[in-house]
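Notes for the one structure printed next.
The values are calculated or read from the model by the stated rules, or taken from the named source; none is laboratory data. Bear in mind the structure is a predicted one, so any value in this text is a computation, not a measurement. In this analysis, Cβ positions are derived from the backbone assuming ideal geometry, glycine residues included, and neighbour counts consider all displayed protein chains.
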Amino acid sequence: MKKIINDPNNVVEEMLHGLAKANPAVIHSEGLGVISRKEKTAKVGIVSGGGSGHEPAHAGYVGKGMLDAAVAGNVFSSPDPERIQEGIRQANGGKGVLLVIKNYSGDNMNFSMAAELAEMEDDIEVDSVVVKDDVAVEDSTFSTGRRGIAGTVFVHKVAGAKAEAGASLPEVKAAAEKAIKNLRSMGMSMSACTIPAVGKPGFTLGENEMEIGMGIHGEPGISKTDIKPSKEIAKILLDKILDDYKASGIEMEGAEVALMVNGLGATPLMELYILNGDAQAYLEEKGVKVYRTFVGNYMTALEMAGCSLTLMKLDDELKELLDAPSEAPGFRV
């Protein structure tokens with residue numbers, strides 16, 4: 001294992017300490033895994049978080065126009081309810097707090113418990129939305145169902161902009177739920193990643209092998225295949241996304257979308273830009289217009305090689321919220 005670290009068991013706190021030193025607009029609540037905005041305003045607070053290892057998610061999205069607090073658990077592990085409750089306290093501006101939760105069982109349980117604690121002990125009104133944008137997994141009411149992946153960043157942006165505009169908690173939640181309804185993502189990987197405290201890769205892929213639909217924690221995908229050219233990867237991922245919109249009754253021909261081409265940590269920008277060109281060409285063939293494009297590392301998996309594509313179908317409100325200013329270092333607009 002080759003990593004620039006000190007103690008493998010203290011990487012999260014040391015990372016947050018370094019992040020706060022680089023961003024004077026935030027506070028690091030040491031020992032609690034919370035990064036929050038220094039500037040407190042009377043508006044709806046937005047909180048997100050989850051396991052570490054997905055940087056810049058989630059602490060990189062704390063800033064005016066996006067999150068008010070982010071709560072970090074250990075690598076690929078949900079933060080405990082007490083940490084999340086502290087994040088809610090830090091984000092509270094007196095107008096209620098919205099939790100943006102990625103759809104994993106640990107996150108669902110711990111964020112829900114934290115919301116109850118904050119309401120009972122701190123008298124803070126808390127509501128939540130759950131992001132489940134990964135079309136590689138079948139949705140289900142009988143299990144956790146679809147995973148929340150890179151599309152979560154668009155939900156941060158929409159909810160943060162709505163709150164910054166002075167909307168009420170129900171209005172902010174409605175905007176976030178609209179974004180979630182119109183959001184679809186699909187990823188692929190070409191290598192494993194190594195959790196610092198474990199010291200070895202969690203799985204293996206062959207030299208010329210890739211996995212379609214793998215999750216951001218190394219969860220299995222839907223198929224393994226030989227490495228494909230960028231054009232074919234774009235087609236495979238976008239066909240699955242567009243088919244899912246169709247199955248949900250959402251018409252995409254003639255639609256305007258936001259497109260995110262997201263790296264998983266080890267894929268160079270050169271390759272992501274190549275994929276972006278191929279994805280946009282394929283969407284044009286399908287009659288889908290790209291309104292705004294984001295290319296880079298937004299929801300990573302440590303040093304995993306691979307990518308994901310995210311589409312968010314837009315209407316006038318979502319365009320306005322997407323275009324609103326953001327001072328978060330991981331997503332400046």
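Structural remarks
- Of all residues in the range 226-244, exactly one satisfies the criterion of being surrounded by 14 or more Cβ atoms within 10 Å (Cβ to Cβ) and more than 20 Å from N276 (Cα to Cα), namely D244.
- Filter result for R146 (more than 20 Å from I27 (Cβ to Cβ), among the basic types (K, R) and out of contact with any Leu (no Cβ under 9 Å at 6 or more places or on another chain)): yes
- Options A266, A255: the member that is at pLDDT 95 or above, surrounded by 14 or more Cβ atoms within 10 Å (Cβ to Cβ) and farther than 16 Å from S308 by Cβ: A255
- Residue, surrounded by the fewest Cβ atoms within 10 Å (Cβ to Cβ), within the range 24-59, restricted to residues that are under 18 Å from the mean Cα position of the chain (by Cα) and in a loop (DSSP other than H, G, I, E, B): E55
- Scanning the range 220-236 for any residue that is of a type in the set (V, I, T) and within 19 Å of the chain's Cα centre (by Cα) turns up nothing.
- Total residues in the range 297-333, condition outside the structural domain of S230 (by TED's automatic domain parsing), polar (S, T, N, Q) and not in a loop (DSSP other than H, G, I, E, B): 0
- Subset of the range 6-42 [without any contact (Cβ under 8 Å) to a residue 60 or more places away in the chain, under 13 Å from D68 (Cβ atoms) and not hydroxyl-bearing (S, T, Y)]: V26, V34, I35, R37, K38, E39, K40, A42
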